[in-house]
Amino acid sequence: MSFTSRLKSLEINGFKSFAKKGGLVFNSPITAIVGPNGSGKSNVAESFRFVLGEQSIKSMRGKKGEDLIFNGGKDSARANRASVKVVFDNTNRMFNVDFDEVSIERIVHRDGVNEYYINGTSVRLKDVAELLAYANIGSSGHHIISQGEADRLLSSQPRERREMIEDALGLKVYQYRKEESEKKLQKTENHIKEIESLRRELAPHIKFLRKQVEKIEKSVALRSELVGLYKEYFGREHAYIQAEKAKIHEDKKGPEAELKVLQEELNHHKEILDALKANLGQSSQMSELLKLEASMRDTRQKKDSCMRELGRLEGEVSYLKRTIERKLKESSETSTKQVYLRDVEVVTREVEGKVRLATEVVDGSGSHQDVPLEDRLSEVKHILSEITESVTSFVNHHKEQSPDINKETKHEEEEIARITHEMKSLEEKLKLYGEEEAHQSTQYTNIKAEIDKERDKNVESEKAVLRIMSKQNEVHSVLEHIKNKEERLRSEESDFKRELEEAHIIVGRDAVAYEHTNTAHVTEERGVQLERKRTIEKTKIRLEEMGGAGGDDVMREFKETEERDLFLAKELEDLMTSSESLKALIADLNQRLDALFKEGIQKINKEFGNFFRLMFGGGEAELKVVKEEKKRRKKTGDELEDGGDLSVAVSALEGEDDEPVEEGIDIHVSLPHKRIKGLTMLSGGERALTSIALLFAMSQVNPPPFVILDETDAALDEANSRKYGDMIEALSKHSQLILITHNRETMSRAGVIYGVTMGGEGYSKLLSIAFEDALAVAK
């Protein structure tokens, strides 16, 4: 039967004692690795553990990651990294990848960083483990038995032994799936708790928002009611304003037309009066009258000036009289002087009386009030002539009789003569002014009479103007009343527009869309509309009290929050469905694992019994499933204070609490010719043979691609070595074998032998011998 190599090669570089790059090619069913102690043979087995993802440095005889890297030799520097690459043939799709050849490489650096590659692509450790599990290969499974660990199956705890057997049975794939499902289930349950927590947090907020929404919905209903009220009110108010405007327009037509006619009549009569005034102002009679008035004023002023001058002369005469009297008294003369004084006094009184009379005549006062001006002027002239004659006669008379007195009063007499001359001059002027004033007065009277006659003709026009103005006042009163109504309507219209703006702000555009409102009953009483307005105001107050503002934001927030809660509810439902599916999957995987495990245990027991009897020449050996309970230790007081689950703390206070029952594997053996039934009573050789029988049985039931045995035959004698060799040859039909051995019998069964040596350089080297090729050449 032709041999198909599943494990093709191993490449080591810088790993442990292998300082330089070296390789092993596995083209034989059995490959032996030999060499002296300490040469680095076991490092080859550990390189397999390393490249297959082993994470326990201790299982590879190290304490930290850099212990796996070549640390230098006599003439060799230490390496900075170690790498191992293993190559598998995948033509039969042993691995779940679409490549005919699969290479797995692991690199470790001195800083502890690890890198993993599959076919040269960087991957995760998890990816490597899943790939190997599909091919029934593990990093520390049953197929790699390192030096000194041959009886690990025998010395392990039942639970650990079960795990190794599960690994041998190829159940890792299902266990990975189960672990992944359990992780997903844990995450799902965590998500469920988170979502439930979020929903619990949202619930009070949603409850609050729902109340707000209910209030807003009531507010919306009230707003809708307000819109209806506004439409009805605005429609009727608009119709009322338009009707009132039309009525006012009609009411104004009559008075305005009448006022227009009256104004035309008034303008006509005013034109007549204005024409009269213009004629009066522009006629020659009026001009003459004005000129006469000016001339008469000038004549009066001149006449008054003359009269003032007469008064002044009278004063001078009085003064001269007092002066003459004083001088005469001082002279103290005889009776002549006294006579003279008496005559002077008589003349003075006479002159004063005549002067007063002349003044009265000139002014027209007293009994001369109705005397014509010309007669008064003639009388003044006569009086002045008499005064002059009296004074002249007195002076001439006393010049002759009293020369001495004349000397003493000469100056005064001369003054009196001068005054007399002036008075004659005034006489002539008064005569002229009197004649001129009389003429002007006659002309003025005649012209004024003609003007008054013209004015009488326009009395009817003035009466007509008064009548028209009175009528206009009545019409204006009517129009003023209409204007007041118009102003009131304008104010109502302004309020109407303001109310429209206010309604638009409060309830939006719908409230002001009143054009299609039925206003057939516009003629209703105004009080009905006012009552409707009061209803609107009350509704507005109710709407404000309900807090209608910001409703859109609250509704939007409620909608978003409710949608989020619904989304979380749907998410929770999906997670619950996923959780149930995962639980069902885990249960199914548990059932399959249990079924496959029990079936595998039966097959292993069959092969285990056969190999055991072969090794010992009889006896019985079997695996039994046992159940064990773990005890949870009590927590200390400090641990309880540090926190933790309350139920665990309570259980700890109450005492030990049993964990769920776990299943393990126990080994029962019975040697022939001995009463030994327990593993503890077996000798070292017997333990080695028992472990080898169990390992080979496990490999027979579910053969791995390769098996590595590191000096598992060291404790065997010559007879058992032959049996061991026969078992190896039988096993090599199912799996490639890599044997690290010092046993000649074991070496003889190998097709290729690799020798590992270590010289003075301090690092391992590889040599190979292909016996099968040598035999072919020899033949």
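The values are calculated or read from the model by the stated rules, or taken from the named source; none is laboratory data. Keep in mind it's a predicted model, so treat the numbers as computed, not measured. Reconstructed Cβ throughout: ideal geometry from the backbone, glycine too, with neighbour counts over all protein chains shown. Calculation scope for accessible area: heavy atoms of the full protein, side chains included, ligands and nucleic acids excluded. Shrake-Rupley method; radii C 1.70, N 1.55, O 1.52, S 1.80 Å.
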Given (1) open to solvent by 30 Å² or more (accessible area, probe 1.4 Å); (2) at pLDDT 90 or above, K598 misses just (2)
Is it the case that some residue within the range 69-89 is assigned to a helix (DSSP H, G or I) and either surrounded by 15 or more Cβ atoms within 10 Å (Cβ to Cβ) or not acidic (D, E) (or both)? no
Please tell me if K207 is over 30 Å from M469 (Cα atoms), basic (K, R) and modelled with pLDDT under 85. no
Selection from the range 38-68 of residues that are small (G, A, S), in contact (Cβ under 8 Å) with a residue 12 or more places away in the chain and either farther than 14 Å from Y116 by Cα or buried (at least 23 other Cβ atoms within 10 Å of the Cβ) (or both): G38, S39, G40, S42, A45, S47, S56, S59, G65
Can you pull out every residue in the range 484-509 that is touching a helix residue (DSSP H, G or I) at 6+ places or on another chain (Cβ under 7 Å) and either open to solvent by 100 Å² or more (accessible area, probe 1.4 Å) or farther than 27 Å from D552 by Cα (or both)? K485, E486, L489, E492, E493, F496
Taking the range 187-204 and the residues there that are over 26 Å from the mean Cα position of the chain (by Cα) and open to solvent by 90 Å² or more (accessible area, probe 1.4 Å), the one that is nearest to R542 (Cα to Cα) would be R200
Assess whether A243 counts as being open to solvent by less than 60 Å² (accessible area, probe 1.4 Å), at pLDDT below 75 and in a helix (DSSP H, G or I). no
The one condition in (1) open to solvent by 20 Å² or more (accessible area, probe 1.4 Å); (2) under 26 Å from S748 (Cα atoms); (3) part of a strand (DSSP E or B) that N27 fails to fulfil: (3)
So which pairs qualify, if the first residue must be in the range 755-779 and at positive phi, the second must be at pLDDT 60 or above, the Cβ gap must be under 6 Å, and the two must be at least 6 apart or on different chains? G762/G73; G762/K74
Test for K207: is it farther than 30 Å from T690 by Cα, open to solvent by less than 80 Å² (accessible area, probe 1.4 Å) and among the charged types (D, E, K, R): no
Do you know which residues across the range 570-605 are free of Cβ contacts under 8 Å to residues at least 24 places away in the same chain and basic (K, R)? K570
Residues of the range 472-491 being touching a residue at least 40 places away in the same chain (Cβ under 8 Å), under 17 Å from E244 (Cα atoms) and either outside any helix (DSSP H, G or I) or not aliphatic (A, V, I, L, M) (or both), in sequence order, are K485, E486
Any hit, the range 100-114, residues being open to solvent by less than 10 Å² (accessible area, probe 1.4 Å), under 22 Å from F26 (Cβ atoms), outside any strand (DSSP E or B) and touching a residue at least 12 places away in the same chain (Cβ under 8 Å): no
Residue check, S219 modelled with pLDDT under 85, open to solvent by 50 Å² or more (accessible area, probe 1.4 Å) and either in contact with a strand residue (DSSP E or B) (Cβ under 6 Å, 6 or more places away or on another chain) or of a type in the set (S, T, N, Q) (or both): no
Being among the acidic types (D, E), in contact with a Ser or Thr (Cβ under 9 Å, 6 or more places away or on another chain) and modelled with pLDDT under 80 narrows it down to one residue among E330, E352; which is it? E352
Any idea how many residues of the range 686-698 are of a type in the set (S, T, N, Q) and either surrounded by fewer than 18 Cβ atoms within 10 Å (Cβ to Cβ) or in contact with a helix residue (DSSP H, G or I) (Cβ under 6 Å, 6 or more places away or on another chain) (or both)? 1
For I144, are the conditions met, namely being under 59 Å from the mean Cα position of the chain (by Cα), buried (at least 17 other Cβ atoms within 10 Å of the Cβ), modelled with pLDDT of 80 or more and among the hydrophobic types (A, V, I, L, M, F, W, C)? no
State whether the residues of the range 616-635 include one that is modelled with pLDDT of 85 or more and of a type in the set (F, W, Y). no
Looking at the range 9-18, is at least one residue open to solvent by less than 40 Å² (accessible area, probe 1.4 Å), touching a residue at least 40 places away in the same chain (Cβ under 8 Å) and on the phi > 0 side of the Ramachandran plot? yes
Say whether the condition of being surrounded by 12 or more Cβ atoms within 10 Å (Cβ to Cβ), under 23 Å from R162 (Cβ atoms), under 60 Å from the mean Cα position of the chain (by Cα) and at pLDDT below 80 is met by at least one residue in the range 651-669. yes
